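Report on the following structure.
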């Protein structure tokens, strides 16, 4: 993410553009500047890649919030808005904080670890010599 580039102006949009406007602008510019449409034209290829980069940032809710936050505050806050994002039906599920998502990825390990500990305890109880006084 290059914060010195105004991705909104690359797509020819205002900063309060909706996801549909971003998608429409990207599709029209991508078709206009696509290297297959303009063979042997390095300038058009460069513009195509710039439009593609702008769409990648502005179409992802988290990246867009980070980009907007940095442009407004001149400060990078990678997960500042992770809890506050309102979900659209077209966007990914960013309802959880990044740590909660990471923690949920390992939930399947919990029963395996508990079963392994239980087996180890039973094995120790069986195989350790017991001294009864």
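Please work out the FRET efficiency for the pair residue 41 and residue 6, using the Cβ-Cβ distance as r and a Förster radius of 22 Å; give the result to the nearest 0.05.
The computed FRET efficiency comes out at 0.40.
With label points built 7 Å along Cα→Cβ from the Cα atoms of residue 16 and residue 72, find their separation and express it in nm.
Each label point is offset 7 Å from its Cα along the Cβ direction, giving 1.3 nm.
By the gyration tensor of its Cα atoms, with a ≥ b ≥ c the square roots of the eigenvalues, what is the shape of the stretch 1-42: rounded for a/c under 1.5, prolate for a/b over b/c, or oblate?
Taking the square roots of the gyration eigenvalues as a ≥ b ≥ c, the stretch 1-42 is oblate.
Rounded if a/c is under 1.5, else prolate if a/b is larger than b/c, else oblate: which is the stretch 29-69, with a ≥ b ≥ c the root eigenvalues of its Cα gyration tensor?
Prolate, since a/c reaches 1.5 and a/b exceeds b/c.
Order 40-47, 65-72, 110-117 from most to least packed using the mean count of other Cβ atoms within 10 Å.
65-72, 40-47, 110-117
State the extension gain, in nm to one decimal, for the chain segment bounded by residue 31 and residue 122, taking 0.36 nm per residue of separation less the distance between their alpha-carbons.
Here the answer is 26.1 nm.
Rule-based calculations on the coordinates, nothing more; no lab input. Keep in mind it's a predicted model, so treat the numbers as computed, not measured. Quick reminder, even Gly has a Cβ in these numbers, built from the backbone with ideal geometry, and neighbours come from all protein chains shown.
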